[in-house]
Amino acid sequence: MESVLFDKENGIGWLTLNRPDTRNALSSDMMSNMQQKLTQIRNDADVRVVVIRANGPVFCAGHNIREMTGDHNIHHFRNIFNLCSELMQSLHLMPQPVIAQVQGIATAAGCQLVAACDLAIAEQGARFATPGVKIGLFCSTPMVPLSRVIGRRRAMEMLLTGRFVSAQEAYLWGLVNKVVEVEKLAQETKAWAEELAQHSRFTLGFGKRAFYTQIEQDEATAYTFTKDQMALNCFAEDAQEGMSAFIEKRNPVWKDR
């Protein structure tokens, strides 16, 4: 059984975690497979938006604990977390927006995966947690994107208690953008992805890079950077086409450059 599936349709790339028997735990094999596919998708001109979803009742239960127990040297553990960190960072380096479609639970590195995506949608019964503290393994790498998305106080609450957070709490805290009925999850995700896929691939990638660059800067530095980005963006063919189409009251024809 292939651990990660990929297919694409109408500008949307669907990346599916496919190990429901292990609750889609992020084994080394699955992470390597995901990274390989993300690299391919990144350079695929036909893909404007990526959705990460999962087969089975659980989105992702975090790392495969069986790989992390037993008589291993420190290099074994470092390899696991190097793989994971590179995978999570690659989501921000993708030119396409990445949406997490969450059902069931997303715990530990699974919660990290949700936080690392650009956007997230969850069904009403979904739950999120960083429960490593309960088994003596603090969720240090999950806290990197989590603290940046929901803030220090909420992140520390999740990390120190390990308790589950409901979909509604996750929405209020900013971990997910939308909460929908479980039977509408796939439909709502597709509609959202289709909406984003109408935009210029160039503009989406340009804006995403700018966002993650400025978000960690102080206000003055961010303005210095983004005003230059706006000026550069104006020179792009798609920007000129989009503005002309707006003036002429017609639909733009993107060239993705």
Cα→Cβ-extended label distance, 7 Å offset, between residue 209 and residue 9, nm: 3.2
Long-range amide H partners of residue 27 with built H, under 5 Å: 64
Checking rank on 106-119, 232-245, 192-205, with mean other Cβ inside 10 Å and highest first, the result is 106-119, 192-205, 232-245
Distance between modelled label sites at residue 45 and residue 217, nm, 7 Å Cα→Cβ extension: 3.0
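Which value results when the Cα radius of gyration for the range 131-172 is divided by 2.2 N^0.38 Å?
In units of the globular-protein estimate, the range 131-172 measures up at 1.09.
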I'd like the antiparallel share, as a percent to the nearest 5, of DSSP beta bridges with both residues in the range 4-197. 30
Cα centroid distance between the range 88-156 and the range 12-47, in Å? 16
Can you give the relative contact order of the range 87-174 as a percent, counting alpha carbon pairs under 8 Å and 6+ residues apart? 28
What is the ratio of the Cα radius of gyration of the range 201-248 to 2.2 N^0.38 Å, where N is its residue count, to two decimals? 1.28
Counting sequence-distant residues (5 or more places) and residues on other chains, those with an amide H built under 5 Å from that of residue 256 are 201, 202
Once the Cα atoms of helix 74-93 and of the chain are each reduced to a long axis, what angle between those two axes, in degrees from 0 to 90 to the nearest 10, is obtained? 20
How many nm is it between the label spots at residue 35 and residue 240, if each spot is 7 Å from the Cα in line with the beta carbon? 4.1
Between the Cα axis of helix 28-42 and the main Cα principal axis of the chain, the angle (0 to 90°, nearest 10) is 0
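Ignoring everything except DSSP H segments at least 4 long, calculate the 222 nm mean residue ellipticity for the chain; use -39,500 (n - 2.57) per segment, divide by total residues, nearest 500.
-15000 deg cm²/dmol
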Extent of the range 21-64 along each principal axis, from alpha carbon coordinates, in Å, largest to smallest? 33, 21, 13
Calculate the translational D of the chain in whole µm² s⁻¹ from Stokes-Einstein, where the hydrodynamic radius comes from the Kirkwood formula applied to all Cα pairs, the temperature is 25 °C and the viscosity 0.890 mPa s. 127
Explain nothing, just the number: relative contact order of the range 4-197, from Cα pairs under 8 Å at least 6 residues apart, as a whole percent. 20
For the chain, find the longest principal axis of its Cα atoms and tell me its angle to the long axis of helix 201-214, 0 to 90°, nearest 10. 60
Given the Cα-Cα distance of residue 72 and residue 86 and 0.36 nm per residue of separation, how much length would full extension add, in nm? 2.9 nm
If the range 125-257 were replaced by its equivalent ellipsoid, with semi-axes equal to the square roots of 5 times the Cα gyration tensor eigenvalues, what would those be, largest first, whole Å? 37, 22, 11
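Read the figures in this text as sums done on the coordinates, not as results from a lab. Because the structure is a prediction, the values reported are computed rather than measured. So basically every Cβ, Gly included, is an ideal-geometry build from the backbone, and we count neighbours across all protein chains shown.
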